[in-house]
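Participant: Sending over a structure as structure tokens; questions will come in a sec.
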Amino acid sequence: MFSCKPCPVGIFDSGYGGLTIFDKIQKALPAYDYIYLGDNARAPYGTRSFEVVYRFTRQAVMKLFEQGCQLVILACNTASAKALRTIQQKDLPLWDASRRVLGVIRPTVEVIDCISRSKHVGILATSGTISSNSYTLEIEKIYPHIKVTGEACPMWVPLVENNEFHSPGADYFVKKHIDHILSIDADIDALILACTHYPLLQDKIYGFLPEGITLFSQGERVANSLKEYLQRHPEIDNRLTKGGTSHFLTTESAEKFSEAASTFLHYPIHVERIAID
Ligand code: DGL
């Protein structure tokens, strides 16, 4: 159904946030070819329904498969929470059972026990990720002794997408959610940035955190987990081309994307605008 060469790793997010994951993956695995797709025209996904996030994510994965990707990483917690399972179980067997789509929630959850001493953990994420309960359910499966508190931070993605993450407005919304989650469970000693946009707010968040609380960004963990996955699955690894190239696609303005991307990647990139619906 889809063409097969070249075979880059596909990385998908609703917008710019997945660049925080791409950056770490590309550093950990520089030899591979990559295509990054940001659905900026339809971001944010965090407040959208299951049905819509699934439909948009499915279209994006199909587009990346058409571009030759054998493996796609959903570098978006909202898409991982709302669309990954259905794509893996329902769509992949129909499209091409030999290709793979992986998310960011499972690798993050796997290390949570090592991050917290109190075993009280807070999840900061979009409304969609929190309402899906994905983190709580996944953590319960492997670490039932950990108490999980979720906090939806619906304004944080728009602050990042609109380059307002250094503004006084950002102070207000960051403090509001940090204070709220810690008022629900004062024993939390680890907060997980469970949205790929949030590392851009990290410095601001630190400013409102009491001492002794760890703030965990998932980029490096996802990159290491992918490295391990490719070592365990040579049948996938052997199908990926290793030319060290990176291409960037967006569903919105290419100029806007390359300008915003420089905040995340600190080097100029070439971006192409595409339609995926
Ligand atoms: N970056 C995405 C995530 O990790 C969500 C952004 C959005 O709301 O579109 O959840």
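Participant: In straight Cα distance, which aspartates and glutamates are under 17 Å from Lys90, not counting same-chain residues fewer than 8 positions off?
Facilitator: Partners found: Glu51.
Participant: What number, rounded to the nearest 500 deg cm²/dmol, is the helix-based mean residue ellipticity at 222 nm of the chain, given -39500 (n - 2.57) per DSSP H run of at least four residues and division by all its residues? Show your work: numbers first, answer last.
Facilitator: Details: 14 runs with 121 residues, N = 277.
That calculation yields -12000 deg cm²/dmol at 222 nm.
Participant: In whole Hz, with x marking every Gly and Pro, tabulate ³J(HN,Hα) for the range 102-109 from phi via Karplus 6.51 cos²θ - 1.76 cosθ + 1.60, θ = phi - 60°.
Facilitator: Calculated HN-Hα couplings, in order: 10, x, 10, 6, 4, x, 5, 4 Hz.
Participant: In whole Hz and in residue order, list the ³J(HN,Hα) couplings for the range 237-253 that follow from phi through the Karplus curve 6.51 cos²θ - 1.76 cosθ + 1.60, θ = phi - 60°; x for Gly and Pro.
Facilitator: Values per residue, Gly and Pro as x: 4, 5, 8, 8, 7, 10, x, x, 9, 9, 10, 10, 10, 9, 8, 10, 5 Hz.
Participant: A follow-up question, please. Val9's amide H: which non-local residues (gap 5+, or another chain) put their own amide H closer than 5 Å, with H modeled 1.01 Å from N in plane and none for Pro or chain starts?
Facilitator: Asp33, Tyr34, Ile35
Participant: Using the charge dipole of the chain (Lys, Arg: +1 at Cβ; Asp, Glu: -1 at Cβ; taken about the Cα centre), state which of Ser49, Ile139, Thr86 has its Cα farthest towards the positive end.
Facilitator: The one lying farthest along the dipole's positive direction is Thr86.
Participant: Report, for the chain, the % of DSSP beta bridges that are antiparallel, rounded to 5.
Facilitator: 0 percent
Participant: Return one quarter of the surface area of the convex hull spanned by the alpha-carbon atoms of the range 101-206, equal to its mean projected area, in nm².
Facilitator: On the way: hull surface 27.0 nm².
For the range 101-206, the mean projected area of the Cα convex hull comes to 6.8 nm².
Participant: What pairs from Lys141/Lys204; Lys24/Lys63; Lys63/Lys119; Lys141/Lys242 go past 30 Å between their alpha carbons?
Facilitator: On the way: Lys141/Lys204 32 Å; Lys24/Lys63 23 Å; Lys63/Lys119 41 Å; Lys141/Lys242 36 Å.
Cα-Cα > 30 Å for Lys141/Lys204; Lys63/Lys119; Lys141/Lys242; rest within.
Participant: How would you rank 8-20, 198-210, 44-56, 165-177, highest first, on the average number of other Cβ atoms within 10 Å across their residues? Display every interim value, and only then the final one.
Facilitator: Details: 8-20: 27.7, 198-210: 17.4, 44-56: 18.9, 165-177: 15.6.
Result, highest mean first: 8-20, 44-56, 198-210, 165-177.
Participant: Another question, then. Among Arg85, Arg58, Arg117, what's the order by accessible area (1.4 angstrom probe), most exposed first?
Facilitator: Numbers: Arg85 135, Arg58 75, Arg117 210 Å².
Listed by decreasing accessible area, they come as Arg117, Arg85, Arg58.
Participant: Ranking request for peptides 105-112, 185-192: highest mean number of other beta-carbon atoms within 10 Å first, then the rest in descending order.
Facilitator: Top of the packing list down: 105-112, 185-192.
Participant: Between beta-carbons, use under 15 Å as the cut-off and find the net charge around Asn40, counting Lys and Arg +1, Asp and Glu -1.
Facilitator: On the way: positive: Arg42, Arg48, Lys63, Lys256, Arg273; negative: Asp13, Asp39, Glu161, Glu252, Glu255, Glu259, Glu272, Asp277.
With Lys, Arg at +1 and Asp, Glu at -1, the net is -3.
The values are calculated or read from the model by the stated rules, or taken from the named source; none is laboratory data. For clarity, every value in this text was computed on a predicted model and none was experimentally measured. Cβ atoms come from the backbone with ideal geometry, glycine included; neighbour counts cover every protein chain shown. Side chains included, ligands, DNA and RNA excluded: accessible areas come from the protein's heavy atoms. Shrake-Rupley method; radii C 1.70, N 1.55, O 1.52, S 1.80 Å.
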